[in-house]
Amino acid sequence: MGAYEPMSAVMSKAVSLAEKNLSFQQFGQVDDESAWDGAAACTHVVCQFLALLWTGRRLTIDQVSAKAGYPYRPRNSAGQPRGMNNTELARFFSNMGLPYVIRFGQTFDTMASFLKYGPVFLGVRHGSIPEWKDFVYFGTRADGSPNGYARRYGRTQLTGFENGRHAVLLLGRRQYVSDSASATVTCDTIVRRGATISSQKLGAISKGATVHITATVDGSHWSGCGKDGTRWHRITSINGKSTRARYGRAYAYIASGLTTSPGPVVLRTDVWRKDPNHNSGSRPENPPYDVIRNGQSEVEYLHYRTKLGSTLYGAIPTRRLGVVGLSEAEDIAAELGLDDEPLTIPENLGEPPDEDGADDAVPSDEAVGSELHG
């Protein structure tokens, strides 16, 4: 059993905005003709979201096109409808005064590290987005290929756009931690059957061993290594080997004062990530975001290069998102564990993609099944 650690104030603001604006999807919006009636508007929707989050301004898709200098219904060099390219995205950031820079060729960890400051835009391979478990799309049922299922929501256009370039927005990450904790033994100590000094001795632990703690309870007085007390740790493993395997018991006890302060055991890290490809005629669902594993988020990003042959592409904030009740000038370290040092923006590690667009137009449901995107 376990629970998520609390959201940071920055992530909470972004997630709340997504939950209150379910219509921020590629399909079903008005004034979207410039982006092929939303089919090429995945980056446009990311822009809508960031503009509202950072400036409070609500833009239509066509207004985003104007701010980005995105032509009316543009086509790529092959004559196919295209989405917004990186030059147009940079122009949108500049014209809207958004504190974002585009970066190419960065690792996923580098890009995701900027979630401490605000949402992060990534180009991904659409067919590598984790699927909505049990969703059926024109007779095709989600099978979890190639990147598993989302923990919450997920991809619903299961055919017709697998190798499309797509835009998503990471809203934040949270660690899921166990109800128990781990600690390091700071002094050779005895393992007992119960929380008393007279309880049966099961074995001994050497200094430096790691124990898994499920509870700390009151017991008899103990003393050792210059310390004493009446609190005892209930433990279930030592150096990764369970107490059942060692002693034939589900748990055992050691004196609580002879370990480091227990810390939570991180079971996994999950990403809250907005995918705009929803709300079409045959897929009226409009989830605020997907919840996926950190590794799944990395895969869909890396497949932009390894499966599509495109330069890794994204955009990161250059300053921290302001949050009501938190001063921009406050000590960030207290809130987010950051330094007060200026952000270090990484250098580009690759060439920009071609101007055909960093994302493609999605075939519409009516065309796949029929379906076009961006």
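What follows draws every value from the coordinates through simple rules; no lab data is involved. The shown structure was predicted, so the numbers you read here are calculated from the model rather than taken from an experiment. Positions of Cβ are backbone-derived with ideal geometry, glycine not excepted, and every protein chain shown enters the neighbour counts.
Observations on the structure shown:
- Helix axis angle, 294-306 relative to the chain longest principal axis, alpha carbon, degrees: 40 degrees
- Each of His221, His44, His233 has some number of other Cβ atoms within 10 Å of its Cβ, and from fewest to most they run His221, His233, His44.
- Virtual paramagnetic centre 7 Å along Cα→Cβ of Lys227, amide N under 18 Å, in segment 170-192: 181-192
- Looking at segment 225-302, the GluC sites (Glu not before Pro) that sit in a DSSP loop and have at most 14 other Cβ atoms within 10 Å of their own Cβ are Glu285.
- Sorted by Cβ density within 10 Å, fewest first, the residues Ser23, Ser310, Ser65, Ser261: Ser261, Ser23, Ser310, Ser65
- From the coordinates shown, mean projected area of the Cα convex hull in nm² corresponds to which of (i) 24.3; (ii) 22.1; (iii) 30.2: (ii)
- Interchain or long-range residues, amide H under 5 Å from Ile197's placed H: Ser220
- Loop sites in segment 124-162: trypsin sites (Lys or Arg not before Pro), DSSP, at most 16 other Cβ within 10 Å: Lys133
- Three-way shape call for segment 14-68 based on the alpha-carbon gyration tensor, with the a/c threshold at 1.5: oblate
- The stretch between Ala66 and Ser206 holds 43.6 nm of extra length on full extension. This uses 0.36 nm per residue minus the Cα-Cα distance.
- If R0 is taken as 45 Å, the Cβ-Cβ distance between Thr184 and Leu22 corresponds to a FRET efficiency of 0.45.
- Neighbour net charge for Asp62 - beta-carbon separation under 12 angstrom, K R +1, D E -1: -2
- Among the listed pairs Lys116/Lys241; Lys13/Lys67; Lys20/Lys116; Lys67/Lys274; Lys20/Lys133, those beyond 30 Å (Cα-Cα): Lys116/Lys241
- Extension reserve of the Thr110-Arg58 stretch, reckoned as 0.36 nm per residue once the Cα distance is removed: 15.7 nm
- Separation of alpha-carbon centers, segment 195-268 and segment 135-157, rounded to whole Å: 44 Å
- Per-residue Cβ neighbour rank within 10 angstrom, fewest leading, Asp218, Asp359: Asp218, Asp359
- Cα shape, segment 56-176, gyration tensor, a/c 1.5 rule: oblate
- Orphan Cys of the chain, criterion: no other Cys C-beta under 4.7 Å: Cys42, Cys47
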